[in-house]
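The block underneath contains the structure these notes are about, expressed in structure tokens.
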Amino acid sequence: MKRWTVLFVVLVAALVVGYYQATEPVRYMAPAYPEAAARDPYLAARTLLEEWHHDTRRVFSTRALFPLPATDTTLIMDPYRGDLGRDRIEELLAWVAAGGHLVVAARPVYGDRDEDRERADPLLEQVGINVRRLPEKDLDDDNPMAELLGRFEPMESLFLEYCLGNDDEETLRQCERLTCEAPPRAAPALTRDFDGQPRRLRIDNPLVLGYQGGEGLRYTVLADNDQGLKLVQVAMGEGRVTATTGLELWDNDHLHYFDHAWLLRHLTAGGGPVWFVQGIDMPPLPLWLWEHAWPPILALVLVLALWLWRRLPRPGPLWRPPAQDTTDYLGHLRALGHFYWRTGQGETLLAPLREAARRRLALLHPDPERALALAAERLALPDHDLREALDASPVDRPGWIRRVAVLQQIRSRL
């Protein structure tokens with residue numbers, strides 16, 4: 001038995017050594033995003049700015065954006081800003097002219113008609129910049145075969161089966177190109193206007209900018225690719241407006257590509273705070289309701305508070321016995337009787353006393369009328385006082401006290 005145990009241990013050791021000799025550990029890296037990144041698409045950019053000693057802030061409504069901050073602040077504004085309005089646009093441009101820096105993404109253009117592809121952006125129009133969307137036929141990533149396979153998913157497996165089972169080299173090359181090669185993408189936007197060095201930016205969307213100029217405006221930076229103009233910087237008074245077709249170059253997935261981080265540092269080189277203005281197209285519902293309907297909301301809150309004040313029970317002041325006499329049982333009874341009377345529960349105190357008095361009367365005589373007459377004779381009380389104490393409800397406190405006194409005499413003297 002001992003020999004078999006030794007053989008088993010040797011076999012296990014040989015298997016372990018053989019496993020480590022025949023295998024090689026492989027380490028790999030997998031992307032992991034913090035939970036905050038799902039809520040903040042620019043978390044990586046804000047973290048990097050804080051490393052560069054910039055204060056960052058996220059703004060989600062016009063109430064938080066206005067009044068505008070000091071002119072050393074850089075505002076990075078996404079395309080969803082339909083809640084600005086003409087007055088606030090003029091205030092924002094006056095802030096830029098006073099020395100502020102506004103980085104703004106062009107608003108998206110929707111629709112398939114030609115007139116839908118060219119719509120003015122109210123903010124960029126004021127600085128001589130128009131926005132245009134490329135037609136579908138001009139987009140580089142237009143792939144009819146990929147679109148067809150995307151619409152008919154069962155057809156994809158049949159197509160792959162046909163490709164893998166075909167012996168024709170030309171057909172195999174075409175299948176490989178359609179199924180394996182990535183669709184072509186537009187080249188990165190290129191500019192040398194910042195520092196004389198070629199800087200590449202990946203702004204991949206169907207929007208292009210056009211610069212018309214205007215009085216008191218001058219462009220200083222242009223970045224374009226084969227689709228058209230993707231970034232324009234316009235000097236306006238003491239400040240500047242940097243317009244792009246999108247802010248995806250600074251989101252969590254693209255900040256580390258090309259010269260995106262370098263551009264962020266160059267545009268915020270002043271050292272002041274950086275505000276990311278997101279989604280002021282529609283403020284949060286509670287904020288919108290307060291801004292547009294605060295009088296009825298306030299009135300509703302007051303009505304609710306009044307209703308609760310009327311409905312909730314409000315006990316009176318706590319009765320505290322004197323410190324020198326903590327065993328005043330009679331005082332406790334007085335307070336309890338006063339509470340019952342004040343709350344309309346006088347009959348609750350009289351009911352047990354009346355029941356005890358009726359039992360006493362029943363012992364005098366079986367006939368209630370005869371028993372009542374005998375009690376009036378023995379107690380020297382009028383007959384109607386006894387009847388009133390046994391049946392009638394008191395209407396005031398003195399009457400209640402008289403009835404208690406009569407009932408006590410019936411219970412204690414008969």
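The values are calculated or read from the model by the stated rules, or taken from the named source; none is laboratory data. All of these numbers come straight from a predicted model, not from anything done at the bench. For neighbour counting, all protein chains shown are included, and Cβ atoms are generated from backbone atoms with ideal geometry for every residue, glycine included. Just so you know, the surface numbers come from the protein's heavy atoms only, side chains and all, with ligands and any DNA or RNA stripped out. Shrake-Rupley method; radii C 1.70, N 1.55, O 1.52, S 1.80 Å.
Of the residues making up the stretch 378-392, none is within 27 Å of P315 (Cα to Cα) and aliphatic (A, V, I, L, M).
If we scan the stretch 87-104, do we find a residue that is open to solvent by less than 10 Å² (accessible area, probe 1.4 Å) and modelled with pLDDT under 90? The answer is no, given that none of the residues of the stretch 87-104 is open to solvent by less than 10 Å² (accessible area, probe 1.4 Å) and modelled with pLDDT under 90.
Return the residue satisfying two criteria in turn: it lies in the stretch 185-225 and is among the polar types (S, T, N, Q) and in a loop (DSSP other than H, G, I, E, B), and of such residues it is farthest from A243 (Cα to Cα). For the stretch 185-225, the residue satisfying everything is Q197. Filtering the stretch 341-367 to residues that are in contact (Cβ under 8 Å) with a residue 12 or more places away in the chain and among the hydroxyl-bearing types (S, T, Y) leaves nothing.
Taken over the stretch 250-278, the criterion of being assigned to a helix (DSSP H, G or I) and within 25 Å of R81 (Cα to Cα) is satisfied by W250, H260, A261, L263, L264, R265, H266, L267.
Consider the stretch 41-55 and keep the residues that are in contact (Cβ under 8 Å) with a residue 40 or more places away in the chain and farther than 13 Å from G271 by Cβ. The one that is least open to solvent (accessible area, probe 1.4 Å) is A45.
Please verify whether H338 is within 30 Å of R314 (Cβ to Cβ) and either touching a Gly at 6+ places or on another chain (Cβ under 7 Å) or of a type outside the set (S, T, N, Q) (or both), treating the condition exactly as stated. Yes; evaluated as a whole, the condition is true for this residue. Each residue in the stretch 208-231 was checked for being open to solvent by 60 Å² or more (accessible area, probe 1.4 Å), more than 19 Å from V96 (Cα to Cα) and either touching a Leu at 6+ places or on another chain (Cβ under 8 Å) or aliphatic (A, V, I, L, M) (or both), and 1 pass.
As for the stretch 259-273, it holds no residue that is under 17 Å from V59 (Cα atoms), aliphatic (A, V, I, L, M), in contact with a helix residue (DSSP H, G or I) (Cβ under 7 Å, 6 or more places away or on another chain) and open to solvent by less than 30 Å² (accessible area, probe 1.4 Å). W288 satisfies every condition listed in (1) open to solvent by 20 Å² or more (accessible area, probe 1.4 Å); (2) of a type in the set (F, W, Y); (3) in contact (Cβ under 8 Å) with a residue 12 or more places away in the chain except (3).
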